[in-house]
Amino acid sequence: MSLRKNKKLLILPGDGIGPEVMAEARRVIEWMAKHRSLTFDVAEGLVGGASLDAHGAPLTDATLSEAMAADAVLLGAVGGPQWDDLAFEKKPERGLLRLRKEMDLFANLRPAVVFDALADASTLKPDVVKGLDIMIVRELTGGVYFGEPRGIEELPDGTRRGVNTQVYTSPEIQRVARVAFELAGKRRRLVCSAEKSNVMESGALWREEVQKVHDEEFPDVELSHMYADNCAMQLVRNPKQFDVIVTDNLFGDILSDEAAMLTGSLGMLPSASLGMADSQGRRPALYEPVHGAAPDIAGKDMANPSAALLSLAMMLRYSFDLGGEADLIETAVKSVLNGGLRTADIMEPGKARVSTTVMGEAIIGELDKLAG
Ligand code: NAD
């Protein structure tokens with residue numbers, strides 16, 4: 001008998017609708033334990049405003065240590081108006097930023113998938129987005145948001161000058177490119193790298209380094225290069241031409257939000273942030289819905305739990321190599337949508353409006369059918 005150690009999962013529900021959508025994620029984890037013999041050691045902790053209220057800090061050192069020791073972290077959302085007036089370092093969002101920084105999560109994965117049943121929710125024509133399935137890989141810890149020098153200075157003539165620095169080293173580019181190529185290898189084998197090598201030296205370096213990683217390590221994946229402004233246009237003109245897009249922190253911030261909007265709803269969007277794999281192949285990873293704490297609907301059993309459940313599916317696929325189980329969750333979400341159930345955010349005429357818990361129950365019901 002093998003004494004396989006259980007994988008450690010840390011759940012940080014956070015604030016607002018975070019605990020509500022994470023309760024549904026826990027139900028799916030329990031379902032997986034019962035029906036697929038998957039057992040995780042699940043621990044729960046506080047982050048954001050919840051941690052601030054309990055411990056005076058948006059992320060305690062103890063919770064950070066737990067996150068670093070976990071095989072994956074699943075987070076709900078942080079923030080809310082009751083903490084808006086606090087100093088910057090105290091704000092709930094600092095808890096999430098600290099977690100990302102300390103875990104050195106340099107690759108942010110943002111899938112944009114259009115479910116057939118929701119193709120009409122996009123502002124683009126249904127035939128442009130129907131069947132869309134793209135993945136944006138954004139570099140998350142470098143570039144112009146972190147580069148030095150930075151700041152605002154007063155000039156001798158009394159005018160002011162604001163400075164930020166776009167800076168990338170070759171290892172920073174190579175490691176995020178590898179994540180993109182590895183992902184593409186499990187998808188349609190296409191990577192498009194977006195930069196501005198026509199006007200930026202850091203963009204020229206980006207292009208060269210991505211090409212080098214491709215030629216030396218992933219020649220079986222097709223690589224194309226595109227200027228980021230053209231990529232923004234192509235995303236609304238013909239998004240289905242893309243499989244994986246890899247890009248820097250600034251362009252990725254914009255392009256991933258643009259791609260998200262092709263799908264029509266914040267309540268359906270998962271994300272993953274990955275760090276560097278250690279010698280045993282263990283990679284720090286944080287999975288979270290793209291949406292925030294939604295204080296306007298918090299506590300009302302109205303939130304769409306799909307983004308949280310799809311984040312859980314990403315966790316199973318990318319941290320635990322359980323693609324079959326991830327497929328089950330994604331298929332169950334799809335079936336519930338096809339059956340006409342909708343939370344308020346994706347409500348359409350002729351469909352049945354349901355609560356967070358009813359949506360979660362319906363997804364469990366579909367899992368039962370798929371397993372039975
Ligand atoms: P938000 O994503 O919380 O909400 C935007 C709108 O979308 C709201 O009308 C909300 O009701 C709706 N919405 C979001 N998720 C939904 C879901 N699952 N189901 C149904 N409707 C949903 O963004 P915001 O209003 O700009 O920010 C609210 C708070 O959340 C702020 O304190 C902000 O700082 C924080 N925030 C946190 C994160 C995070 O934790 N990663 C991200 C964004 C914002």
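What follows is calculated from the coordinates using simple rules that are stated; it is not laboratory data. Because the structure is predicted, anything quoted here is derived from the model rather than measured. For neighbour counting, all protein chains shown are included, and Cβ atoms are generated from backbone atoms with ideal geometry for every residue, glycine included.
The table that follows gives values for the structure above.
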read-out: Computed [θ] at 222 nm, helices only, for the chain once each DSSP H run of length n ≥ 4 contributes -39500 (n - 2.57); value: -13000 deg cm²/dmol
read-out: Within the stretch 226-299: Cβ-based charge dipole about Cα centre, in debye rounded to nearest 20 (Lys, Arg +1; Asp, Glu -1); value: 260
read-out: Estimated distance in nm for a label pair at R188 and V163, the labels positioned 7 Å out from Cα along Cα-to-Cβ; value: 4.4
read-out: Relative contact order (%) - the chain, alpha-carbon pairs under 8 angstrom, separation at least six; value: 20
read-out: Net charge contributed by nearby residues that have their C-beta within less than 10 Å of M302 (K/R +1, D/E -1); value: -2
read-out: DSSP H segments from the chain that extend 15 Å or more along their own axis, Cα-based, with Kyte-Doolittle mean of 1.0 or above; value: 306-318
read-out: Under 15 Å from K300, Cα to Cα: aspartates and glutamates that are on another chain or at least 8 residues apart; value: D15, E20, E24, D345
read-out: For the stretch 136-150 versus the stretch 242-265, the gap between their alpha-carbon centres in whole angstrom; value: 16
read-out: Selected from S355, L337, G372, residue furthest toward positive end of dipole (the stretch 245-372; charges at beta carbon); value: G372
read-out: Cβ-defined net charge surrounding G340, 12 Å radius [Lys, Arg +1; Asp, Glu -1]; value: +2
read-out: Cα centre as origin, Lys/Arg/Asp/Glu Cβ charges: the chain dipole, Debye; value: 800
read-out: Spin-label model distance (nm) - K351 vs A43, 7 Å beyond Cα toward Cβ; value: 3.9
read-out: Ratio Rg/Rh, restricted to the chain and using Cα atoms, in which Rh is the Kirkwood radius; value: 0.97
read-out: Rough spin-label spacing in nm, given labels placed 7 Å along Cα→Cβ, for K34 and T331; value: 2.0
read-out: Candidate aspartates and glutamates - alpha carbon under 18 Å from K212, same-chain residues fewer than 8 apart omitted; value: E139, E172, E182, E195, E201, D220, E222, D248
read-out: With eigenvalues of the C-alpha gyration tensor scaled by 5 and rooted, the stretch 114-265, Å; value: 30, 22, 11
read-out: Full-stretch length increase - Q82, T123 - with 0.36 nm per residue and alpha-carbon distance subtracted; value: 11.4 nm
